[in-house]
1. Residue check, Val237 against (1) more than 30 Å from Gln200 (Cα to Cα); (2) modelled with pLDDT of 90 or more; (3) in a loop (DSSP other than H, G, I, E, B); (4) among the β-branched types (Val, Ile, Thr), all met but one. Which one?
2. Being at pLDDT below 95 and either in the same structural domain as Arg190 (by TED's automatic domain parsing) or surrounded by 23 or more Cβ atoms within 10 Å (Cβ to Cβ) (or both) narrows it down to one of Gly58, Gly138, Gly54, Gly146, so name that one.
3. On the basis of being modelled with pLDDT of 90 or more, of a type in the set (S, T, N, Q) and closer than 25 Å to Glu143 by Cβ, does Thr77 make the cut?
4. Which number in (1) surrounded by 13 or more Cβ atoms within 10 Å (Cβ to Cβ); (2) closer than 23 Å to Leu126 by Cα marks the one condition that Val237 misses?
5. Could you grab the pairs with beta carbons closer than 8 Å, sequence gap of 6+ or different chains, first residue in segment 248-260 and in contact (Cβ under 8 Å) with a residue 12 or more places away in the chain and farther than 13 Å from Val237 by Cβ, second one among the β-branched types (Val, Ile, Thr) and outside any helix (DSSP H, G or I)?
6. Given the residues Arg148, Arg157, which is the only one that is within 29 Å of Arg267 (Cα to Cα), among the charged types (D, E, K, R) and touching a helix residue (DSSP H, G or I) at 6+ places or on another chain (Cβ under 9 Å)?
7. Output the number of residues of segment 134-166 satisfying the condition of being under 12 Å from the mean Cα position of the chain (by Cα) and in contact (Cβ under 8 Å) with a residue 60 or more places away in the chain.
8. Give me the pairs: first residue in segment 202-224 and in the same structural domain as Glu268 (by TED's automatic domain parsing) and over 17 Å from Arg267 (Cβ atoms), second residue modelled with pLDDT under 90 and part of a helix (DSSP H, G or I), beta-carbon distance under 7 Å, and six or more apart or on different chains, which are they?
Amino acid sequence: MDNRNVSTIARQSGSNFYFSFFSLPKEKREAITAVYAFCREVDDAVDLPAGQAGAPPGSGPAPEAVIQEWREEIARTYDGRPTLPLTRSLAQAIERFDLSRAYFDGILDGVAMDLQQVRYPTFESLATYCGHVAGEVGLLCVEIFGYRSERLKTYARNLGMAFQLTNILRDVGTDAAAGRIYIPQEDLQRFGVSEEWLLQKAASKSSVDEREKMPKFRRMMAYEATRARGFYRDAAVLPTAEERPSLRAAEIMRAIYENILDRIEKREYNVFGKRIRVPTLIKLWLAVKTGWEYR
């Protein structure tokens, strides 16, 4: 936990989410930025224990302790006693948009899972994790947009799941290099991709049994990509005229993340080299196009 403000945290992350915030009115943009900054900080508790970019492992408090501190800080924030610049901004968002505390607690539960679990036996077990770290973020977002209908809650959960699965596919190599495999074990077995090969491939980034193993890996990744596409489809809604402007930011993110998935497929699922990114000009074009469609 540190004393950076929300704008600094969001800007330094360079995230696709931050790119879409500019489409929102000022109050909603500030609230979404505060929620996003919270998500970045608690995620860094696992990936960067000191809470700063490039921090070596062990250079700060234990991740479990940091997550517990965040649980206590969220409790203080809901009691009207935030102690950090970030949670003071978050307190304003909570009051203005009546944000549900359960979603913040759920996000922390998801981040804590990363400390306890680095393999997922089934898709159902992975979906529980994704529901916490992505679905509940989406639910906070629709509360900021001003909608609490079950229809839009389902939309938020499915879109969050689609985004997280896209991230998992893009980051298979970097996650495996860090010892984490999010692809369900049942799918590795179904397609004949051994965990040992995946870890070796991620570590070397070179040809490791290419002719024998890569076709199996590609078939598995195509299966996972089809699953992600299903969640994008399930997140399709026909918004009312009143809803359209408020869903603009979410739909800009959908356009950017589906473009990432397109690029993963076009690269034939080679996710072990240079990280797949959407160029800034393409993001801008997608934002303008989608923004016009949701005006």
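The values are calculated or read from the model by the stated rules, or taken from the named source; none is laboratory data. These numbers come from a predicted model, not from an experiment. For neighbour counting, all protein chains shown are included, and Cβ atoms are generated from backbone atoms with ideal geometry for every residue, glycine included.
1. Unmet for Val237, out of (1) more than 30 Å from Gln200 (Cα to Cα); (2) modelled with pLDDT of 90 or more; (3) in a loop (DSSP other than H, G, I, E, B); (4) among the β-branched types (Val, Ile, Thr): (2).
2. Checking each option against the conditions leaves just Gly138.
3. Values: modelled with pLDDT of 90 or more: yes; of a type in the set (S, T, N, Q): yes; closer than 25 Å to Glu143 by Cβ: yes.
Here the answer is yes, as Thr77 does meet what is asked.
4. (2)
5. Ile256/Val278; Asn259/Val278; Ile260/Ile276; Ile260/Val278
6. Details: Arg148 fails: within 29 Å of Arg267 (Cα to Cα).
Matching residue, one of Arg148, Arg157: Arg157.
7. Residues in segment 134-166 being under 12 Å from the mean Cα position of the chain (by Cα) and in contact (Cβ under 8 Å) with a residue 60 or more places away in the chain: 8 in total.
8. Val208/Gln200; Val208/Lys201
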